[in-house]
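This report concerns only the one structure given below.
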Amino acid sequence: MMTLMGRQNGPLAYTMPVFVRAREYHLYDRQGRRYIDFFQNHGRAILGHRPDGMLRAIKATASRGLIAEYPSVYQGRLEKILEQLLPGPFTVRYYSDLRYVREMLQRALGLSDAPLVIADPALADPTPDDAVSFWRPFLEDVELLAKVFIPILPFPGNFVPEIVCVRDGSLAKELPPSDPVSPLLLDLLVKSAAGLIGVSEEKRKRNSSRNPLAEVFPTIRGPYCVTGLSEERYRVFYDAAMAAGVVLPPGPEFPVISPRWYDQGEIEPLIRLARQSAGT
């Protein structure tokens, strides 16, 4: 086992096995044991751990030498995809670190006396009071009302730049310019985010409602589930699920994300453990 520290979970220690291979929604440790992923890197692996086109994009962009953080065509391509995914119009900024984004937005919104809260539509219904909100795929029936969106896009890693989409024009003027981003990273984002556009509407709706934990936990939004468990009960649930070959989020404040496909047999232990944790 090892402890992971990532931008998506801040200072929280996340203990899990060392994995040597990943395919779709499965992870494999050094002993060859297979795990099914219900965390999906906080949603960045919602299209699987090997999205279509990733290896081709890395090879093609790197072979052209487009690695240095210079201007490129990929920023415009990504913004066209964002326009199809998110409610607009908006101004796009790119920053290197979520902690910096929090500090910068806190100053711009005049919240010096209170910490910035980023609403998560996977955890609670959006409200008009939400100034800043994450955006997540496969939540077509959720209307986001925030001034600022931070999209959680499918991407193979935590080194992705933080994208900030600002719908308030006056607020956008208060934000610093974007950080330079490598064309290689932008091209990877273009290829992975385009996978959300390519899913047919019928298939997207089917993906949004297919959640095996809906019969256990009451708060379900598309593929996202909120357990509502206490820290203590969730830790017991987490440890038992890991022993059963299921990777869960590090704590109950993160959504449990259902894979888009799975074998019924491999999730039956998870459903049984969920019922035990919920006391049903």
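Taking the Cβ-Cβ separation of Asp113 and Leu85 as r and a Förster radius of 25 Å, what is the calculated FRET efficiency to the nearest 0.05?
So the FRET efficiency works out to roughly 0.15.
Most exposed first by the Cβ proxy, i.e. fewest other Cβ within 10 Å, how do Leu78, Leu185, Leu55 rank?
The most exposed by this proxy come first: Leu55, Leu185, Leu78.
Which of Pro51, Pro128, Pro177 ends up with the largest GNM mean-square fluctuation for the chain, with Cα atoms connected below 10 Å?
Pro128
Using +1 on the beta carbon of Lys and Arg, -1 on that of Asp and Glu, and nothing else charged, what's the dipole of segment 54-197 about the Cα centre, debye to 20?
So the dipole magnitude of segment 54-197 works out to roughly 720 debye.
For a Förster distance of 45 Å, can you work out the FRET efficiency between the beta-carbons of Arg272 and Ser170, rounded to the nearest 0.05?
0.30
Can you give me the distance in nm between label points at Tyr28 and Tyr70, each placed 7 Å from the Cα along the Cα-to-Cβ direction?
4.0
Cut-off 10 angstrom, C-alpha nodes, Gaussian network model of the chain. Which of Val117, Val256, Val246 fluctuates the most?
In this elastic network of the chain, the residue with the biggest mean-square fluctuation among Val117, Val256, Val246 is Val117.
With point charges of +1 on the Cβ of Lys and Arg and -1 on the Cβ of Asp and Glu, referenced to the Cα centre of the chain, which listed residue (Ala57, Ala240, Tyr70) lies farthest in the positive direction of the dipole?
Final value for the positive-end residue is Ala57.
For the chain, give me the percentage of DSSP beta bridges that are antiparallel, rounded to the nearest 5 percent.
So the antiparallel bridges amount to about 75 percent of the total.
Where a number appears in this text, it was derived from the coordinates with a stated rule and is not lab data. Fair warning: this is a prediction, and the values are worked out from it, not measured in the lab. Glycine gets a Cβ as well: all are built from the backbone with ideal geometry, and neighbour counts include every protein chain shown.
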